[in-house]
Amino acid sequence: MDPYRIIKYPLATEKSVRVMEMENKLILIVERKSNKTQIKDAVEKAFNVKVLHVNTLITGEGLKKAYVKLSPDTPAIDIATQLGLI
């Protein structure tokens with residue numbers, strides 16, 4: 001499956017940048033029907049990184065937000081720079 005059908009867009013807020021720097025996590029808005037395994041596979045394929053685990057939540061607006069913890073050898077801030085968030 002195409003990873004970009006699951007990953008809609010990265011979140012670029014002050015809090016998300018702080019989480020990227022401190023906890024090495026990416027915060028993404030993803031397809032509402034996707035599960036954690038699909039999100040993990042999509043992130044690994046799209047960004048060529050190793051994902052340790054994924055936490056998800058449904059926001060008040062009905063969007064699904066995924067907190068993706070990356071392995072220590074891949075800084076999340078580097079991925080954010082590649083995406084043009086920073």
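FYI, it's all coordinate maths here, none of it is from the lab. Everything quoted here is computed from the prediction, not taken from an experiment. Here the Cβ is made from the backbone with ideal geometry for all residues, glycine too, and neighbour counts use every protein chain on show.
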Fill in the blank from the handout: Val51 neighbourhood, Cβ < 13 Å, K/R = +1, D/E = -1, net charge +3
Practice task
For the chain, just say rounded, prolate or oblate: build the C-alpha gyration tensor, square-root its eigenvalues into a ≥ b ≥ c, call rounded for a/c under 1.5, and beyond that prolate if a/b exceeds b/c, oblate if not.
Solution key: oblate
Fill in the blank from the handout: Here the net charge surrounding Asp41, from other residues whose Cβ is less than 14 Å away from its Cβ (Lys, Arg +1; Asp, Glu -1), is +2
Practice task
Show which lysines lie in cross-link reach of Lys50 when reach means a straight Cα distance below 22 angstrom and same-chain residues fewer than eight apart are skipped.
Solution key: Lys8, Lys25, Lys36, Lys40, Lys64, Lys65, Lys69
Handout entry: Lys/Arg +1, Asp/Glu -1 at C-beta; the chain dipole; positive extreme among Leu63, Ser16, Ile79
Key = Leu63
Practice task
Kindly provide the helix-only [θ] at 222 nm of the chain, computed as the sum of -39,500 (n - 2.57) over DSSP H runs of four or more divided by all residues, to the nearest 500 deg cm²/dmol?
Solution key: -11000 deg cm²/dmol
Handout entry: Counted charge near Val68, where neighbours are those whose Cβ lies closer than 12 Å (Asp, Glu -1; Lys, Arg +1)
Key = +3
Handout entry: Whole-number percent relative contact order across segment 3-83, with pairs defined as alpha carbons under 8 Å at least 6 apart
Key = 33 percent
Handout entry: Simple Cβ-charge dipole of the chain, Lys/Arg +1 and Asp/Glu -1, about Cα centre, in debye nearest 20
Key = 340 debye
Handout entry: Which of Ile7, Ser34, Ala46, positive extreme of dipole for the chain (C-beta unit charges)
Key = Ser34
